[in-house]
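The values are calculated or read from the model by the stated rules, or taken from the named source; none is laboratory data. All of these numbers come straight from a predicted model, not from anything done at the bench. All Cβ positions, even for glycine, are placed from backbone atoms using ideal geometry, and neighbour counts span all protein chains on display. Side chains included, ligands, DNA and RNA excluded: accessible areas come from the protein's heavy atoms. Shrake-Rupley method; radii C 1.70, N 1.55, O 1.52, S 1.80 Å.
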Amino acid sequence: VLVLTFLCYMGYHAARKPPSIVKSVLRGSVVNSHSGRLLLSDGGLAIAASDPTTLNGWAPFNSDNGQTLLGQIDLAFLGTYAIGMFFAGHLGDRVDLRGFLTAGMVLSGIFTSLFGMGYFWDMHIFSYYVLVSIMAGLFQSTGWPSVVSIVANWSGKGKRGLIMGIWNAHTSVGNILGTVIAAAMLSRGWGYSFVVPGFLMIALGLLIYAGLVVQPSDVGQSNPDDKPATGGGRHDNEEVLPLKEGGKEAPSKEKSIHFMDAWRIPGVTAFAFCLFFSKLIAYTFLYWLPYYIKSTPIEGRMLSAKEAGDLSVLFDVGGVAGGVLAGHLSDKSGASAVVATSFTLLSVPFLYLYRTAGHTSFALNVALMMASGFFVNGPYALITTAVSADLGTHDSLQGNAKALATVSAIIDGMGSIGAALGPMLTGFISDRGGFDMVFAMLYTSAVTAGLLLVKLVIKELAVLRGKSMVAKPM
């Protein structure tokens, strides 16, 4: 289950990555009206004259407001994704998750490919790319509440943070895979950068349908959080759910939790709004980092679109380590809010250094990019996995596991609204105020994310202090 769900969400993220790699190609260069020289869209001198596609761009994205249009494409995808997330979680608690995931993956792969088909069809109508992005975002929203619910079904609470921290590496692995594929395909034409990940998504969807088991009871096993009898066996009077023909669980008497009731679970609101700002930062990097690298000289040298894409994967390499450590620290301390807040606030100085000093040398750029990924993705990974699963099985629910997908969808849905706004605002702000203003937005978001958890941090510190007092010898 861990392997299949890992591959599943790796595919989702690989299919999201092409827009960030292709942005600089679609944007192309603009001609300075005063000097007549070809410039990169942010004002830097264009070096890659050997790449005619990079210089000319692709209409309508090579116009004067090209970065704003690219931001609007991001908003079309991520805005629909965020809205769809709330409905997907609600549906996920009521339908067969295996079929739900398969349909979402196949249709997501189709619409990802259709964006790239605009290259082969010589499509220059902006509304076409908006419509395809909307449909891709809608079907992408089927993934997260479903896989979190499935993994939570199979993992107990004791080491959930560590297990999900490792498992959540699928996000960064998918980003890396999507980056490598999209960057490698650029030489053939930017359309291939979408079509290949799209077909990969379809193939993985069929694999999920062939092999995924949604919950232990589907194969006659007990839930890992069920209390075993002394000696490790099952209670003699423990009821075993009867299986219907084909291994399906008999209808459960549990009712799905109401959407508004899920908001009232302690901690859901605070973590949901914290993720709003955390995911705003993470997705700004996801969608704009390759473009930023390509348009910012490092040691005085401008990189090609492929070089910038390949270099950007280091942000996700740091993110893998950050997610694992955040999950481990959460397990050890039982203080998820403290861990998330610490990581979020520590990201601010590293983001600042990356912007102000990262261009001075490649070695420093790599180190600061990985450190930024470490602290940005740590709380993002923790909140979307272990925290969502724990809140979805909160004691106040009295064992009602039907809340898992709903709670995951609420938290990640709020995060996805931030994810939609971040890239869109980046396109708008960078067109007018440059990337210094974009990074100012990121600093502000990180501090706000940390402040939203202050009440929970105080409570967790009080609990930790109480435990330490009890542990002291008399």
Counted residues in segment 258-312 being surrounded by fewer than 24 Cβ atoms within 10 Å (Cβ to Cβ), basic (Lys, Arg) and within 18 Å of residue 368 (Cβ to Cβ) come to 1
With the first residue restricted to segment 106-133 and required to be outside the structural domain of residue 78 (by the TED database), and the second required to be open to solvent by 70 Å² or more (accessible area, probe 1.4 Å), Cβ contacts under 9 Å at 6 or more apart or on different chains are none
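State the number of residues belonging to segment 200-217 that are open to solvent by 50 Å² or more (accessible area, probe 1.4 Å) and either acidic (Asp, Glu) or within 20 Å of the chain's Cα centre (by Cα) (or both).
Going through segment 200-217, the residues open to solvent by 50 Å² or more (accessible area, probe 1.4 Å) turn out to be 200, 203, 206-207, 209-210, 215.
From what is left, the residues that are either acidic (Asp, Glu) or within 20 Å of the chain's Cα centre (by Cα) (or both) are 200.
Here the count works out to 1.
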Count of segment 60-82 residues which are assigned to a helix (DSSP H, G or I) and of a type outside the set (A, V, I, L, M, F, W, C): 9
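Which is more than 17 Å from residue 191 (Cβ to Cβ), modelled with pLDDT under 85 and out of contact with any Ser or Thr (no Cβ under 9 Å at 6 or more places or on another chain), of 38, 45, 91? Please lay out each step first, then the result.
Working: 38 fails: out of contact with any Ser or Thr (no Cβ under 9 Å at 6 or more places or on another chain); 91 fails: out of contact with any Ser or Thr (no Cβ under 9 Å at 6 or more places or on another chain).
Result of the check over 38, 45, 91: 45.
Looking only at segment 330-361, which residues are open to solvent by 70 Å² or more (accessible area, probe 1.4 Å) and of a type in the set (A, V, I, L, M, F, W, C)?
345, 346, 353
Within segment 375-384, identify whether any single residue is at pLDDT 90 or above, in the same structural domain as residue 282 (by the TED database) and either part of a helix (DSSP H, G or I) or among the hydroxyl-bearing types (Ser, Thr, Tyr) (or both), and answer yes or no.
Step one: list which residues in segment 375-384 are at pLDDT 90 or above, which gives 375-376.
Pick out the ones that are also in the same structural domain as residue 282 (by the TED database) and you get 375-376.
This time we only want the ones that are either part of a helix (DSSP H, G or I) or among the hydroxyl-bearing types (Ser, Thr, Tyr) (or both), so: 375-376.
So far as segment 375-384 goes, yes, one or more of its residues are at pLDDT 90 or above, in the same structural domain as residue 282 (by the TED database) and either part of a helix (DSSP H, G or I) or among the hydroxyl-bearing types (Ser, Thr, Tyr) (or both).
Take the residues in segment 49-64 that are open to solvent by less than 70 Å² (accessible area, probe 1.4 Å) and at pLDDT 50 or above; name whichever of them is nearest to residue 127 (Cα to Cα).
Step by step, filter segment 49-64, then rank; the result is 60.
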